[in-house]
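This report concerns only the one structure given below.
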Amino acid sequence: MSQQDNVRVARDEDARTEPSRHDQPQQPEVQLPALGVTGTLRFAWTQLTSMRTALMLLLLLAVAAVPGSLFPQRPAGPEIVNQYLEDNPVLGEWLDRFQLFDVYSSVWFSAIYILLFVSLIGCVAPRAVKHAKVLRSAPPRTPRRLSRLPEYGTVLLDPSGPSPAAAVDQAAAYLRRRGYRVEVRQEPGGGASVGAERGYVREVGNIVFHLSLIGVLAFMAVGGLLSYSGQKILVEGEEGFANTLVSYDAFTPGGAFSEDSLVPFSMSLKSFEKVFDRESETHYGQPLDFTAVMEVQDGTGGEPQERILKVNHPLAFGGTRVYLVGNGYAPEVTVRDGNGDIAFQGPVVGQVQDEVYTSLLTIKVPDAQPDQLGFVGFFLPTSYTGEDGVAVSIDPELFNPELNLNSYHGDLGLDEGKPQNVYVLDTENLTELNNRDLDTGGVTLSVGESYELPEGKGSISFDGVKPYVGLDILYDPGKWGVGVFAVLALIALVVSLFVRRRRVWVRGATGPDGSTVVEYGLLARGEDFRLREENLALRRKFEQLWPVTAPQEPGPSSSSTASTPTASSTSSTTASATAGSPSTTPDHPARAVQNRPE
Amino acid sequence: MQPINYQLAGYSDLFMLIAALVYAAAFILFALDLATSSKTIRALETDLARERDIDTTDTTESPVLREHLVGAGGGSSAREAGTGSTTVPGARPNRTGADTGAGGSELVDEDMDYLGTTARPVANVAVALMVIAAALHAFAVIARAVAASRVPWGNMYEFCTTGAMLVSVVYLLFLTRKDIRFLGTFVAGLVVIMMAAATIGFPTPIAHLQPALQSPWIIIHVSIAVLASALFTLTFAMSILQLLQHRREAKARAGTTGGLVFMRLVPSALSLENWSYRINAVGFVMWTFTLIAGAIWAEASWGRYWGWDTKEVWTFVIWVVYAGYLHARATRGWTGDRAAWLSIIGYSCIVFNFTIVNTYFPGLHSYAGLPS
Ligand code: HEM
């Protein structure tokens, strides 16, 4: 048998004693009907928990996750999905039917990962039980033919060397010191052998890793139930926020959310500072720093305190955290109606469109009499009118703030009670008053200016600009569990990938000439690329422990390779360098005696 | 905030270009080495063929000669030797028998150790050029970092140039221990592509970081991500070679020769597979870390650790593909070629994530806008 065959056979034996690998050969199809109900179920379960299925499900999961990055997702931004549906009515409808706008909560995505995790439990639980038993039992018995192991060697001892049993005892003591669990046994044909194994923690790592993934998923589910997230825009110096449902601009509760989990706190924006890059030529005007000075009150009572809120540095109120996720400008306007009464006064939050803070403005004035008024247009922090006569913003800071608006009168459609997007003006029942393309022209206002609307419909004045911040307010009690299990998974992964699990057997027997022959073999369980190094280390140690006779010259054919330390021949150069100088030091026996276990 | 040192940044750009050119030269020399070595191998082969004719023993069965002939790719690695159908993960390929006195010298070692049997002066010059290029490159990257007083991975240009540097440094580090000169053409080629992509595709003048990126997590998260990507780049090259080598081995077994001659300088497919597995395992741990650190950063920055943002989706996809790769190595029928394909697919996802997703997919990375 060639050396390669040795390797193969040994590995196959390993695989046979390793049912946890679950990769049994497929049963022939024809057997199926004969299995009966329980048989079929068991067959299905075996299939589901097989490595091949796990692999398929993993690959399927990877593929299934991709569409979520190709199509807009509802949880991330329902408006974008609606826009997409409007732009692609036919395709969009089909995509929606297959839940491609809700990929990560879709039936098919859930089915894949639930199956994967069922498979995982079915795979790992029996492994865990089995390994628990292994942990309590002695290392395996010594195989009859050590030469069939992937790493194998023989040491011929001098007649002056220890007896087989003593040599095995010494080897066992050494292996124990090397971290092996050992068991010395009498051999049926005389002599003794030791079975040793180390790296049990590798399997523990594998099991803990997989179970931690379940932990991650479980706590994500907990978060999905108990969490909430909300958004709020706060304008500098304006009314603040108190943590009650009515205060939020937008609110998304988890499946089992209850209002009791809203911890009491309140906050308002005292001031907001932005710093932009003024040195770089290429990145002139790039934001460098945002600082929001907040006035907060933690709990119901107590003095309000000042606190700094920055990007990457949220505020915490119990388990609830407040994040600075956006900012912009809110121009302050006063709108008088056709009767000359103030119908609206205050800041209007502009939607930032670009890096120079060109902001989309929508002003709805439902209280205006006799006609309701509406305005849409842009706020430009630093307005600049080019040669084409179109005003654009050229800087994010307020160097030349200007409003460019169109105006409308008529019915805003707010009275029917239908919910409306505050950022969209429904112009269906409105008549245009001002527009760049009309004779009346658009409304262009600098700070402090006013404009009389045509037809005596009223007026609008631009009083000033205030900054605002966009805040995310989030609560997720599951995240700690997710974090703990994720880190545990990482640690377990390292253990499971890099701890080497291996077995060593050493057998001592009496050779034909009456002196002791020590044979040993090594077997890796799982990936182990350093088994040869272990072999050489053992060999070095043995030659140090015992007076060794020189190995016979390796012959030209493969029959001799078994007597070289490794089952192959190239390394005999190494072997003779490290192991080929037998019986060099006379103090070996003495040391061997010292090393003798009691 | 420290002002930017534009002069130093200018040197950085210049050295980046020079390094790219030197890499290109190294690439050409590595390719030349393969070409000239092919000639040497053919000559050696003819010699051996003659020797075999003289030999009276059953030469066709002599593993020594056969292995000798086809280099490491000989038809007797552990995988092919068995009668069964499976590969044994972790089984160590046997070394070729150079010391059995059959004359001649082996070309490669299955453990990729240096043998010193074939002189490859061109390859050695190429390695020297790689070292020079890497030094210039390192200077450029560090100069950029110093000029901006921050870590040099704030945008795609910086990510790509730092990544390319790590690829070449990791390669050179491996080279001190292992003879992986056969990878040189691929590694130098990939580095040149990365440098060209960075300097031509997305050149970005030096600047400060925007507020969202001003976090210690950028150091932790991105550095490991770049390192993992560098490792995956190496295994990508090895997996491609593995596929080529596997085909050649199949041909050699079938008795036909052919295929790319330079593949004889490359270790056997099994050896390549084992090595890419070892590197991929390390890369996978790093990627897992990247994923977790990214989630922690997202939590600190946006308040949610996971939101299926396009970037997060692709990081996850990559992670799952490499998890699949690790599983494949423990699944019957999935080792060998299929595992190599998974490794290649995983790397393609990384490239896709970096190029297409970064540039064309809308993500959560603008910081002036309104919340949703
Ligand atoms: C959520 C899905 C899963 C992920 C992300 C995953 C990930 C991994 C990773 C990264 C490894 C390599 C590290 C190690 O050896 O511990 C691994 C190994 C392993 N996994 Fe999974 N796994 C998953 C599901 C499963 C399932 C369903 C099974 C059972 C059918 C399974 C069985 C195994 C086994 C047996 C190994 C050890 C392979 C070896 O001996 O080298 N895994 N898994």
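Taken together, the values in this text are just the output of simple stated rules run on the coordinates, not laboratory data. What you are looking at is a predicted structure, and each value in this text was computed from that prediction instead of being measured. All Cβ positions, glycine included, derive from the backbone under ideal geometry; neighbour counts span all protein chains shown.
Quick rundown of the values:
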quantity	calculated
Of all residues in the range A:474-490 being free of Cβ contacts under 8 Å to residues at least 12 places away in the same chain and hydrophobic (A, V, I, L, M, F, W, C), the one that is nearest to the ligand (Cβ to nearest atom)	A:L490
Failed item in (1) part of a helix (DSSP H, G or I); (2) within 21 Å of B:I132 (Cβ to Cβ), with B:D179 passing the rest	(1)
The lone exception for A:G302 - which of (1) without any contact (Cβ under 8 Å) to a residue 40 or more places away in the chain; (2) surrounded by 15 or more Cβ atoms within 10 Å (Cβ to Cβ) it fails	(2)
Qualifying residue in the range A:495-510 (condition: within 16 Å of the ligand (Cβ to nearest atom), in a helix (DSSP H, G or I) and facing chain B (nearest Cβ under 9 Å))	yes
Total residues in the range A:391-414, condition under 47 Å from the mean Cα position of the chain (by Cα) and in a loop (DSSP other than H, G, I, E, B)	10
Yes/no for A:E238 being surrounded by fewer than 18 Cβ atoms within 10 Å (Cβ to Cβ) and within 30 Å of A:P143 (Cβ to Cβ)	no
Residue match in the range B:251-274 (condition: facing another protein chain (nearest Cβ under 10 Å), buried (at least 21 other Cβ atoms within 10 Å of the Cβ) and in contact (Cβ under 8 Å) with a residue 60 or more places away in the chain)	yes
Filter result (surrounded by fewer than 22 Cβ atoms within 10 Å (Cβ to Cβ) and within 28 Å of A:A172 (Cβ to Cβ)) within the range A:489-501	A:V495, A:F498, A:V499, A:R500, A:R501
Residue count, the range A:36-92 (criterion: within 30 Å of B:L326 (Cβ to Cβ), free of Cβ contacts under 8 Å to residues at least 60 places away in the same chain and in a helix (DSSP H, G or I))	21
Qualifying residue in the range A:324-331 (condition: more than 8 Å from chain B (Cβ to nearest Cβ), more than 28 Å from B:G303 (Cα to Cα) and over 39 Å from the mean Cα position of the chain (by Cα))	yes
Meets criteria (touching a helix residue (DSSP H, G or I) at 6+ places or on another chain (Cβ under 9 Å) and more than 30 Å from A:E281 (Cβ to Cβ)) for A:N406	no
Residue identified as polar (S, T, N, Q) and within 30 Å of A:E239 (Cβ to Cβ) among A:S496, A:S461, A:S515	A:S461
Selection within the range A:53-103 - under 20 Å from B:I318 (Cβ atoms) and within 16 Å of the ligand (Cβ to nearest atom)	A:A54, A:L55, A:M56, A:L57, A:L58, A:L59, A:L60, A:L61, A:A62, A:V63, A:A64, A:A65
Residues of the range A:485-518 classified as closer than 29 Å to B:L270 by Cα and not β-branched (V, I, T), total	11
Residue match in the range A:422-431 (condition: within 14 Å of chain B (Cβ to nearest Cβ) and either β-branched (V, I, T) or crowded, with 17+ Cβ neighbours inside 10 Å (or both))	yes
Hey, A:S268 on the phi < 0 side of the Ramachandran plot and in a strand (DSSP E or B) or not	yes
Which numbered condition A:E281 fails, given (1) more than 20 Å from A:S229 (Cβ to Cβ); (2) surrounded by fewer than 17 Cβ atoms within 10 Å (Cβ to Cβ); (3) in contact with a helix residue (DSSP H, G or I) (Cβ under 7 Å, 6 or more places away or on another chain)	(3)
Condition check for A:V134: of a type in the set (V, I, T) and either closer than 30 Å to A:V182 by Cβ or in contact with a Lys or Arg (Cβ under 6 Å, 6 or more places away or on another chain) (or both)	yes
B:T162 vs. criteria farther than 25 Å from B:A293 by Cβ and hydroxyl-bearing (S, T, Y)	no
Single residue of the range B:293-322 satisfying the filter (within 13 Å of the ligand (Cβ to nearest atom) and within 7 Å of chain A (Cβ to nearest Cβ)) that is farthest from A:V494 (Cα to Cα)	B:V317
Candidate set: the range B:326-348, residues that are facing chain A (nearest Cβ under 7 Å) and touching a residue at least 24 places away in the same chain (Cβ under 8 Å); chosen: the one surrounded by the fewest Cβ atoms within 10 Å (Cβ to Cβ)	B:R332
